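Some notes on the structure that comes next.
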Amino acid sequence: MGFLAPWFLGGLFVIGLPVFLHLLQQHRSVPLPFSSLMFFEKRTQSSVKHRRLKYLLLFAMRVALIALLALAFANPFVNRAAAGGTDGRKFILIAVDNSFSMRADDHLNQAKQQAASVLSSFGGADVGQVITFDAQISQLTQPVNSAAELRTAVQSIKQGDGRSAYTTIAQYVKSLAQSTPRGVEVHIFSDMQNSSLPPAFAELSVPGNARYILHSVSSGNAEPNWFVESVNAPRSVYQAKKTRILAVVAGTNTEETVADVSMVLNGKTLETKKVKLAPNGRATVEFFLPDAAYGLNRGEIRIASHDKLPGDDHMYFSLDRKEPGRILFVHEGRQRWGAFYYRAALNSGADAGLNTDDVTVDQTSGLSPEKYSFVVLSDVGTIPATFEQALQRYVQGGGSVLIALGPVAAIHPRVPVFDAAITETRYSDRSGDRFQTAASVDAGHPALSRTNGFEGVKFYQTVKVDPGQARVLARLTDRTPLILEKKIGEGRALVFTSTFDNISNDLPLHASFVPFVEQSASYLSGIDQTAADFAVDSYVDLHSAKDQGAAVEVVDPDGKRPLSLREAASAQTLKLSREGFWELRRANGRHELLAVHADRRESDLTPVPKGTLELWENLGQGQQKTNGPNGAVEQKQPVSLWWYFVLALLIVSLAESLFGSRYLVVEKQAMVRKEAA
Amino acid sequence: MLQRFLDPSVLGSISGLELVARTVVDGFIAGMHRSPDFGFSQEFAEYRAYSEGDDLRHVDWNVYARTERAYLKRYRGETNTQITILLDVSASMKYGSQSVNKMDYARFLAAAICYMSNQQRDAAGIIVFDDEVKNYVQPSTRQGQLARLLHAIEKAEPGRRTNFEKPLLHCLQFLHRRGIIVLISDFYEDPEKVIKAVEPLRFHGNEVILFHILDPQELRPKLNDPVLVLDMETDDAMEVTPDYVRHEYGSKIDAHVSAMSDRAQRAGLDYYLLNTGRPLDDALREYLTIRQGRR
């Protein structure tokens, strides 16, 4: 028997408290009134003799209470032979690593062979289970005692593209060990990648009735490996110009070398470059893709290497060449500066994929906004009723509108489409300092994240709008709303309470103008500029709020449809479980090509150091090995007696309460008698 | 049956001293013949030769006509004695280990004596004292005397320390006529001193009776633990062990009682120890029986 927290035994000193209460405290000299001291003589009795323990039972209970409390905290345990250790009945867990790195040098097949050989010693009373692991656990069998079934499961293990993490297997073993009374033997068959170890080694610990047996399939040496680390390519291309593509190639455990790096588009190698790589270094390669074909293009960056893991010598990217979207820019006939600055900002940035159609208010009567990505109303006065109605229907149906308010719009009491009251117009003299600046800007909003808070922009004229239910994204120093957003039906509207020219403000002259125009345009048009490359085991959203229930067509890298019809209509997300190109045809008709690649941490083939492997094998809390009577190794595990002590503590505390209250009554009665006397 | 009610605790629960006294004395009378000392007052007692200074109203003129000698006719009533009760109300009298403390017991005793005297047309009076005279009711046979006495007894509350000399000296000033003096006290004083203080009363021809009231706990205290004993009169404290109480205290109090008794006997005083744990009428009866036998 031992204690897991022996320092709590110091609490036993508190036993002195009941001793004090019962032995010393009880000796209270309560004066006894008496007629006369005439016949008394002073006598002092020895301190030991007269200090008798009172209420022995209560005293004993109190001492027991404190002792049990201290012992419970000290967490006593006894060593008991492990469940699987004495009777030979074991739970054998075969855990095979099928992560991406196991593609190297036929490691997976070696692991399967080793697993099969371990199963040859599988006893009739044993129970076994076969699982594979990368970042997640896949159970290939339930716990069974059939060696043949386990062997079949081992043979059926397929290569995966995920990233291995040994923490997952430790967590699984923990839950397994708690649910089975047997001793658990965890056989791990893996290439023992150092990058798969958790940051804290303690995360690999398992209960006492489990122990690791590690089977490494790697040579134990740090194998050199070159790989394409990342590719930076735009998701969509709108113009017939060369597209810049950046790739990073790297090596681990490598010597200095010169490698051929190629760009391949739709199976055709377009360009090859020689790249010099430093030892264990990385290099950036720049390619310019000539005019790509319309539609979805499958691109790939390859590095020519002769290492043991060819799977990471390429990285996919997708490129969607399409026509740019159109923006309907509506302005008053005599105010063209706003359109000028807006168009200039839109064209000066990266390939935004949007062009503007400038129209005056008079020209809008017959226009349908449906064919535009979004509509800009730049300080317009009265717009034709038919166009306003069409615009409202457009926004209700999911379209977007950007409204800039200037002196013309301020004549009207309400903001068109946005339906908010204009309460006031403010003018400031340019010669003086009475201009406003932006005070609070929601930098987390996708339309404003790169505007740098409109720093230094002077707003001379602003139109004060009652925000009502609208969300205020930016305010001026006098708390006047500068940018407001409101969701209308399925669409949304942004209101800029100044203009895009440099009359009401000097925004077009500042660096924040172009990002504001670009980001607001992307936001309102719904163009997703994020790259379409994902790591294996990432998830993509299949349904948006608008197209719930509509089927999404998914095609995996093998050209098969991994989702059933029901799943295609109901699944919210899709797990990209394999490397390659995944095609998605969404409910709104949008066609996407997703490039999926293995996590590049798998490319580092540095194995776990030998010493660490030995430490890992010896993990298992409090596990002890002793020699049995017949010389055989007998495993012992500590069994905590904490619960028993707590139970006894409860019983004793209950009894103490009962007896204590009884004695209290006796004391009270005695006191009452004394007082009466 | 009546005896059951005469238990001190029962007496203590009876409100009104007159009722208590009547209960005690009626029970006592019912069980006893008339006492020669407390006879009926209208009964003829004796003739005595006239001497100078005697009241001529008491001369039996019939005898004078027949014998030409003047004789005074005396009735028992005229031989009635004057009873003065000296009630000690010192702080120590407050002690009691039972429902009735020594003070209450002394009150009952005093009330019983007063009631009995009243029944016998004896002139009873009372002096209440601790270290000085607290109250004095002159002995008398007037109407309402019993009520006055009982009121004085009722009002008597434990006071300070006992000092026999001063009140008894005072008592001597009041007592012009010989009679019976009943001293009720717990006598926590040196017997020598007590007797010395009381003796002068006897010299005047009074008959002195000492009723020594003690609680059972005072006679045989029971202690389980060492205890700090607090003197009720002086407030002095002393740690006392059960061992001492068990082995030495008893002999000391016995010696004290014995000394009191001896010294009283030698001084011609009547001494009687009253244990408050004992029924009052029972104790009185016993005392009177002894007293009768002594005469």
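Have a look at the DSSP beta bridges in segment A:325-525 and tell me what percent are antiparallel, nearest 5.
50 percent
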Tell me, what HN-Hα J-couplings in whole Hz come from the Karplus equation 6.51 cos²θ - 1.76 cosθ + 1.60 at θ = phi - 60° for each residue of segment A:176-184, using x for Gly and Pro?
5, 5, 6, 8, 10, x, 7, x, 9
In order over segment A:288-301: 3J(HN,Hα) from phi, Karplus 6.51/-1.76/1.60, θ = phi - 60°, whole Hz, x for each Gly or Pro, gives 10, 7, x, 3, 7, 5, 4, x, 8, 10, 9, x, 7, 10
Report, in debye and to the nearest 20, how large the dipole of segment A:325-525 comes out about its Cα centre when Lys and Arg carry +1 and Asp and Glu carry -1 on their Cβ.
200 debye
Net charge of neighbours whose Cβ lies under 14 Å from the Cβ of A:L119, counting Lys and Arg as +1 and Asp and Glu as -1
0
Fraction in percent of alpha-carbon pairs per bin - 5 Å, segment A:225-322
3, 14, 26, 24, 14, 10, 6, 3, 0
In order through segment A:156-168: 3J(HN,Hα) via Karplus (6.51 cos²θ - 1.76 cosθ + 1.60), integer Hz, x for Gly, Pro:
7, 5, 10, 5, x, 10, x, 9, 7, 9, 6, 5, 5
Give the long-range amide H neighbours of B:L274: residues separated by 5 or more places, or on another chain, with amide H under 5 Å away, using H modelled in the peptide plane at 1.01 Å from N.
B:H212, B:I213, B:L214
Given the pairs B:K94/B:K155; A:K308/A:K575; A:K268/A:K371; A:K174/A:K575, which span a C-alpha to C-alpha distance of over 24 angstrom in this model?
A:K308/A:K575; A:K268/A:K371; A:K174/A:K575
Could you list which residues have their amide H under 5 Å from that of A:V376, counting only those 5 or more apart in sequence or on another chain, with H placed in the peptide plane?
A:L328, A:F329, A:V330, A:L402
What is the set of long-range amide H partners of B:G159 at a cut-off below 5 Å, with H atoms built 1.01 Å from backbone N?
B:S90, B:A91
Inter-probe distance in nm under a simple model that places probes 7 Å from Cα toward Cβ, at B:E286 and A:E614
10.0 nm
Between B:E248 and A:K575, the two model label points (7 Å from Cα along the beta-carbon direction) sit apart by a distance in nm of 9.4 nm
In whole Å, how far is the Cα centre of segment A:576-596 from that of segment A:477-493?
34 Å
State, to one decimal in nm, how far the label point of A:S440 lies from the label point of A:L9, with both points 7 Å from Cα in the Cβ direction.
6.2 nm
P(r) for the protein assembly as shown: what percent of alpha-carbon pairs falls in each 20 Å bin, starting at zero?
10, 20, 15, 13, 11, 15, 12, 4, 1, 0
In whole percent, what relative contact order does segment A:225-322 give with Cα contacts below 8 Å and a gap of six or more residues?
36 percent
Just the Cα atoms of segment B:149-252, one point each, no solvent: what log10 I(q)/I(0) does Debye give at q = 0.21, 0.23 Å⁻¹?
-1.22, -1.34
Reach of A:K464 by Cα under 21 Å, taken over lysines that are not fewer than 8 positions away in the same chain
A:K486, A:K487
In the neighbourhood of A:D501 defined by beta carbon distances under 12 Å, the net charge of the other residues (Lys, Arg +1; Asp, Glu -1) is -1
Coordinate range along principal axes, alpha carbons of segment A:533-592, Å, largest first
29, 19, 18
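A short reminder: the numbers here are calculations on the coordinates, not readings from a lab. Here the structure is a predicted model, which means the values were calculated and not measured. Cβ coordinates were reconstructed from backbone atoms using ideal geometry, including for glycine residues, and neighbour counts include every protein chain displayed.
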